[in-house]
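No lab work stands behind these numbers, since they all come straight from the coordinates. Since the structure is predicted, the reported quantities are computational estimates derived from the model, not experimental observations. Note that we place each Cβ from the backbone using ideal geometry, even for glycine, and neighbour counts take in every protein chain shown.
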Amino acid sequence: MSTIEHVLPIEAHGVFPWQRYLLDTVLAFGGAMLVTGIIYLFQLYPRIPNISIVYLLVVLALASTRGRYPAILASLVAFLAFDYFLVPPLYVFTINRVEEWIALFVFLVTAILTSQLAVALRERAVQASRRERETHILYDLVRVTNREGEPERQLHTIARSVVDVLSSWGVHDCAILQPDAAGTLRVQASAYQPVEQINLSSDEKAIAAWVISQGRAMGLYDDSALVPSTSPRIVQRVIVKSTAVGRAVGRSLRLIPLKLGQKVVGVLRLRVLDTPGGFPYEERLEEEQERPSAWTSFFWTFLDQVTALIERARLQRENLRIEVLQRTDALRAALLSSVSHDLRTPLTSIKAAASSLLQEDVEWDEETRRGFALSIEREADRLNRLVGNLLDMSRIEEGALVPEKEEYSLTALIRDVLVRLEPLLEDRIVRTHLPDDLLLVELDYLQVDQVLTNLIENAVRYTPSESPIDVSAQLDGEHVVMSVADRGPGIPPADLERIFDKFYRVIHGQHPGGYPMGSGLGLAVCKGLVEAHGGRIWAELRDSGGLIVFVELPLGEQEHEKGEM
């Protein structure tokens, strides 16, 4: 994060800056007497009647660089020195001629007016520079905050920015406190300390609660040591400025309410090094809030900007939470609507077959009893696949489904799957296209078995019973590509990618095979399992109608070397 420019130190309240006034006094006397000495030594007066104008250069220089006090003092000293050393009679404050009185007083008035104009121009320039600096600070605050996408990072950036901006006021750390849903005040972000390491004392908690309820700033002494991770640049800037003149540096906390209108949305916790010209106490904050000065106008504007950004981050967190809840509810509704039908159908079939077998008033022949048993087995397998898909999807989302790869024959795996699915396929024609030189592939047998099972079951479910299914595999460089193709109605091109999303189902109306719509999990599980193998899965429409799903898996390093030999 780029560092934001800091504001200038505050003028010490109630403290007479004697060093500055002493220097101004010396410069005023020295400048006026230097000009007087030059005029006296070179006998420039009265040979040059308007030589007193030279004093105005000193007055202008002092007014534009040091301010009003040295400029006026230099004017008075110049007036008296000119009279004492240059106007006859010399070395006395006596003037005999009226025109000399008029000349001296005109000079004095001119010098004072000149100093006032120069000071006014200087103050306007300083004010314009200060406003430009403050505008730049506010702009940078928004810029660096908007650069962060996550609300937590935004709060951290805001805390760092507060320290950067107010470091010249003695602020060396900042934390943002906000109440949670239960109303408990918690640290949401900190500039230089991990949030979990900030332990609020009982006094802090009580005072922070009072600050929120009353909407007023409070402070307390901070007896903890400086934070080791605090920026040395910032601490050094404050300590050197304060200790260079022998002042002791104390530490305290300022708890300032973050107001949005009449509502307090949080507390700004500032760790401050107490120094003259540093961050003011709460009494001065309230005093100058009623009678704003140059620094307080910016401070409250800056605080309003910080509060608005913090509230925006809070609203973003709330929106994210609401969005997560809405998506969770949508997924829950989709799960219930999709899975409930798929669960009910096999359970109903199992219940009907079992009830028929248990009827005592009906004598079933052996073939019929076997048909009921096969129906129970088929529907139980279907139920088992559905539950397996649910469990696999859960493990995929948790990242717990890690393939246990070993070398297997892909040809043998495909044939094993087809044999196991014979009850589902019934009289369906399944054509396989498997090359003889198909190499061993490093894969998790059970997971790839599940992928093929889901793809073939999908093809059976959504195509007419008389249409064939094509299963093929072929080598493609460092990969092996399997495919399952059908001659069903296909899907809209816009759904070719979405069919692999969880719970997404293409709406066709009544499916040709008479099967109800699925749970929307089978292809999502396939995608998760294939990607766990480092492969990819995609679907394409067949030119003559139907859908073909491709699965690309890496061969593995050893088998790739064999293929190149």
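Give me the dipole magnitude in Debye, nearest 20, for segment 18-143 about the Cα centre, with unit charges on the beta carbon: positive for Lys and Arg, negative for Asp and Glu.
Values: 11 positive and 8 negative charges, 75 e Å.
The calculation lands at about 360 debye.
Every Cα-Cα pair of segment 63-121 was included, and the share exceeding 15 Å stands at 50 percent.
Which of the three applies to segment 374-443, rounded, prolate or oblate, going by the alpha-carbon gyration tensor with a ≥ b ≥ c and a/c under 1.5 meaning rounded? Intermediate values should be presented prior to the final figure.
Working: a/c = 2.96, a/b = 1.03, b/c = 2.87.
The shape class here is oblate.
What order, most packed first, do the peptides 432-441, 162-171 have when packing is the mean number of other Cβ atoms within 10 Å of each residue?
Working: 432-441: 14.0, 162-171: 23.7.
So the peptides 432-441, 162-171, ranked by packing, come out 162-171, 432-441.
Packing, as the average of other Cβ atoms within 10 Å across residues, places the peptides 130-138, 358-366 in the order 130-138, 358-366, highest first. Just check segment 402-564 against the gyration tensor rule for me: Cα atoms, a ≥ b ≥ c as the square roots of the eigenvalues, rounded for a/c under 1.5, and otherwise prolate or oblate depending on whether a/b exceeds b/c. The shape class here is prolate. Across segment 303-314, coupling constants 3J(HN,Hα) worked out from phi with the 6.51/-1.76/1.60 Karplus curve, θ = phi - 60°, read 5, 4, 5, 4, 4, 4, 5, 5, 5, 5, 5, 5 Hz, and Gly and Pro carry x.
Taking every DSSP bridge with both residues inside segment 377-512, close to 75 percent are antiparallel. Computed 3J(HN,Hα) for segment 121-137, one whole-Hz value per residue from the Karplus formula 6.51 cos²θ - 1.76 cosθ + 1.60 where θ = phi - 60°, is 5, 5, 5, 5, 5, 5, 5, 5, 5, 5, 5, 4, 5, 5, 4, 5, 5, glycine and proline marked x. Under the rule a/c < 1.5 gives rounded, and otherwise a/b versus b/c splits prolate from oblate, where does segment 135-176 land using the Cα gyration tensor? Oblate, since a/c reaches 1.5 and b/c is not below a/b. Residue by residue, segment 523-534 carries 3J(HN,Hα) couplings of 6, 5, 5, 4, 4, x, 5, 5, 5, 5, 7, x Hz when phi is fed to the Karplus relation 6.51 cos²θ - 1.76 cosθ + 1.60 (θ = phi - 60°); x denotes Gly or Pro.
Amide H contacts of Val480 (H built 1.01 Å from N, in plane; Pro and chain starts excluded): Leu553, Leu555 sit under 5 Å, all sequence-distant by 5 or more or on other chains. Summing Lys and Arg as +1 and Asp and Glu as -1 over all other residues whose Cβ lies under 15 Å from the Cβ of Gln178 gives a net charge of +4.
Distances between placed amide hydrogens fall under 5 Å for Leu260 paired with Val265, all partners being 5 or more residues away or on another chain.
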